[in-house]
Amino acid sequence: MAQGARLTAWELLQDGIPVTLIADNAAGHLMARGRSTRRGGADRIAANGDVANKIGTYTVAVLAKEHGVPFHVVAPVSTFDLATPTGADIPIEERPAEEVTHVAGRRVAPEGVAVRNPAFDVTPHRYVTAIVCERGVARAPFAESLRALAGTLSSGRSSRVVSSSASRPRATRPRPRWSREAGASSRASCRARLRSTRPTAGSCRSSPRDTT
């Protein structure tokens, strides 16, 4: 809950990246007033560039498209799931109803009301301007550019990006398969590429370094 305020905003401030914290429902209003870029993270990226991320990302991406605002996804290569053809193949986790009906342990919704509480949504690749990772920037056609980035390895190491969707039945990001030191280096590289897009403001959606 409130991951943008609790985690993402802190991380961006620590990295020196300009960020403005807003409520989700304010995104369309601010885009209409000229905010120039939006960024989201990813828990899983299908082979065609469809992006599974925290619920609400799809809504922001659609609003960005309507307002002519670029929508960039910033995520490590470990989120690439080239064995999953499209976002339609990613099962979406449903969270407990109490997360919607209760606040701080107290019920705020009437007893008996039906609840839907998906934890993730899928943003179709047509709404994604680019996918930024530690190895470069992927653009459409994503089926080609993501595979090219997945194969861009140093020191002759084999790719560890392609993985079976059966091993991760829900839309949760796979655990990074690198050491703490290597992970820090990859995140620094990703941050450098993020800065190169020169944002005027950032939207606190889900962090690519998700901890939930």
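Distance from the alpha carbon centroid of region 112-137 to that of region 55-111 works out to 5 angstrom. Quick one: length gained pulling residue 94 to residue 62 fully straight, 0.36 nm per residue minus the C-alpha distance? Result for the pair: 9.3 nm of gain on full extension. Normalised per residue, the accessible area of region 44-141 is 46 Å², obtained with a 1.4 Å probe and no contribution from ligands, DNA or RNA.
The distance between label points at residue 20 and residue 108 comes to 2.5 nm (points 7 Å beyond Cα on the Cα→Cβ vector).
The slack in the chain from residue 86 to residue 6, taken as 0.36 nm per residue of separation less the alpha-carbon distance, amounts to 25.7 nm. In region 1-107, what trypsin sites (Lys or Arg not before Pro) fall in a loop by DSSP, with at most 16 other Cβ atoms inside 10 Å? Within region 1-107, the qualifying trypsin sites (Lys or Arg not before Pro) (loop, at most 16 other Cβ atoms within 10 Å) are 33. With N counted as the residues of region 63-129, its alpha-carbon radius of gyration over 2.2 N^0.38 Å works out to 1.55. Net length available on complete extension from residue 32 to residue 148 is 38.2 nm, with 0.36 nm assigned per residue and the Cα-Cα distance removed. Taking the protein heavy atoms of region 1-95 in the context of the full set of protein chains, the accessible area attributed to carbon and sulfur is 57 percent at 1.4 Å.
The values are calculated or read from the model by the stated rules, or taken from the named source; none is laboratory data. Here the structure is a predicted model, which is why all the values come from computation and not from measurement. Note that we place each Cβ from the backbone using ideal geometry, even for glycine, and neighbour counts take in every protein chain shown. Note: areas computed on protein heavy atoms with side chains; ligands, DNA, RNA excluded. Shrake-Rupley method; radii C 1.70, N 1.55, O 1.52, S 1.80 Å.
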